[in-house]
Amino acid sequence: MKKYQKFILPTLLVILLVLIYSVYFSKSNVLGSFSDFDANNSAVKDIRVLVLQDRGIQKDTHGGAVFYAADKNNTVYPVSADKIPSGLEFAETAILRGHLNKDAFHAHDVLID
């Protein structure tokens, strides 16, 4: 019995760490909501959105672009991105890292989901 007692606590710790890791780092495909952002706050946060390809992507000469995105509540905002990754023209969803202004979302980084 004493042999097994040495393994109980380490086993429980490993199980707890695996559980915390899997919950915290699990990839979620749920869209975010623009209502979680405050237009008066310039804190940079992440949001997963639907890229509206039918409205087009207007690229600029500095590698940035303006495109439209919708959240889980079908709220549509124009997104002004500093730079966009190649392949955004074909992406269905994207993760935007930025902040919400009064009438647009300013994305410091765009990740294809």
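The values are calculated or read from the model by the stated rules, or taken from the named source; none is laboratory data. Just so it is clear, the model here is predicted, and its values are computed rather than measured. Cβ atoms come from the backbone with ideal geometry, glycine included; neighbour counts cover every protein chain shown. In case anyone asks, the SASA skips ligands and DNA or RNA and just uses the protein heavy atoms, side chains included. Shrake-Rupley method; radii C 1.70, N 1.55, O 1.52, S 1.80 Å.
Values for this structure:
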quantity	calculated
Filtered residue count, region 1-38, keeping only those that are under 18 Å from the mean Cα position of the chain (by Cα) and either open to solvent by 100 Å² or more (accessible area, probe 1.4 Å) or not polar (S, T, N, Q) (or both)	12
Residue that is farthest from residue 88 (Cα to Cα), among those in region 39-71 that are open to solvent by less than 40 Å² (accessible area, probe 1.4 Å) and among the charged types (D, E, K, R)	71
Verdict on residue 109 being over 18 Å from residue 35 (Cα atoms), acidic (Asp, Glu) and without any contact (Cβ under 8 Å) to a residue 40 or more places away in the chain	yes
Counted residues, region 73-87 - those being closer than 11 Å to residue 107 by Cβ and part of a strand (DSSP E or B)	5
Some residue of region 79-93 being closer than 22 Å to residue 29 by Cα, touching a Lys or Arg at 6+ places or on another chain (Cβ under 7 Å) and in contact (Cβ under 8 Å) with a residue 40 or more places away in the chain	yes
